[in-house]
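Have a look at the structure below before the remarks.
Values quoted throughout were computed directly from the atomic coordinates according to the rules given, and no laboratory measurement underlies them. Values in this document were obtained by computation on a predicted structure and should not be read as measured data. Cβ: placed from backbone, ideal geometry, glycine included. Neighbour counts: every protein chain shown.
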Amino acid sequence: MTADLQVRDLRFGYKGPLFEHFHAAIDIPGVYGLFGRNGTGKSTLLKLLAGLLTPEDGEIRVLGFTPRQRFAEFLAQVYLLPEEFHLPDLKPEALVRNHGVFYPQFNTALFRDYLAELQVPPEQRFSQMSLGQKKKATIAFALATCTPILLMDEPTNGLDIESRMQFKRLMQRPEHAGRIVLISTHQAHDLESIIRHIWFIDSGALRLSSDMPRLAEHLAMGVAACAAELPDQEALLYSEPLGAQVAWVARRDVLPAGTPVTPVQLELIYKALSLNPQRVLAAVKEQAP
């Protein structure tokens, strides 16, 4: 079966190599979280998938197209929401007239519904809006394109707590169930309730591609009253203060029977992967860098 999104042997860099023999694929709809430390190429990968950058070597195929060729049929089915953006001094409705026409499945009714859910004033010009309101307007537009592929770069940056909750509610709506949504983010806690699969990039390669059940099978998390109650060093992968307590991530297979554990928390896993990638990847049976 051909994947909807396929990256084979990708090589790309700026002044030096960024990706070397990078492989990845997505063939099942859902929300995918793209994680990695600063400078590992998360935003660059999204731009490569959208056709805004040209690979030095290797192959990228999205919905059967080579993104860099920028065919109209491809552009109508893929939408990239960048972290940084510029909006003309117009009202949100003008985006429908000026930009929505490029997306055959654009749904004006949904756009208005999303604006209302995100509390974006539809009659206010963008020059009169706060940065957070502008960000929410761009999110509403991205979702309303109804493209089968949606790429989002740090969509919750600049949003307050209420707006982040609204974003999660929108992402869980049934009209998005058949889309592939790839979200680059550092805000793992914000999105863990909607992400069903994670990618972790490190050292120019995709080091971890896993759904949430697999993570729960191999990794355990919990909270200890003090450092003395943490799992032993053979099992412990990461720990951090949590008020007067200590949160931890450990290998599930070597924990003593009966150890209290909590549900998977992506933020803790992300921190553990960033600071101790070799041991975490070994715990989930992935090849370490």
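Sites listed here are chymotrypsin sites (Phe, Trp or Tyr not before Pro) in region 1-97 whose DSSP assignment is loop and whose Cβ has at most 16 other Cβ atoms within 10 Å: Tyr14, Phe71, Phe85. Relative to the dominant Cα principal axis of the chain, helix 266-275 is inclined by about 70°.
Each Cα pair under 8 Å and six or more residues apart adds its sequence gap; the mean of these over the residue count of region 146-226 is a relative contact order of 28 percent. Pairs Lys42/Lys134; Lys136/Lys271; Lys135/Lys285; Lys168/Lys271; Lys47/Lys91: which exceed 31 Å Cα-Cα? As for pairs spanning more than 31 Å Cα to Cα, those are Lys135/Lys285. For the chain, the longest principal axis of the alpha carbon atoms and the long axis of helix 161-171 meet at an angle near 80°. Convex hull of alpha carbon positions in region 213-283: directionally averaged projected area 4.4 nm².
Radius of gyration (Cα atoms) of region 5-202, expressed as a multiple of 2.2 N^0.38 Å: 1.01.
Taken one residue at a time, the phi angles of region 55-71 give Karplus couplings (6.51, -1.76, 1.60, θ = phi - 60°) of x, 6, 7, x, 9, 10, 10, 10, 6, x, 9, 8, x, 5, 6, 6, 5 Hz. Gly and Pro are set to x. Name the shape class, rounded, prolate or oblate, that the alpha-carbon gyration tensor gives for region 1-64, where a ≥ b ≥ c are the square roots of its eigenvalues, rounded holds for a/c under 1.5, and otherwise prolate holds if a/b is larger than b/c and oblate otherwise. In terms of gyration-tensor shape, oblate. Dipole magnitude for the chain: about 480 debye, using +1 per Lys or Arg Cβ and -1 per Asp or Glu Cβ, origin at the Cα centre. For the pair region 94-138 / region 152-222, the C-alpha centres are spaced 23 Å from each other.
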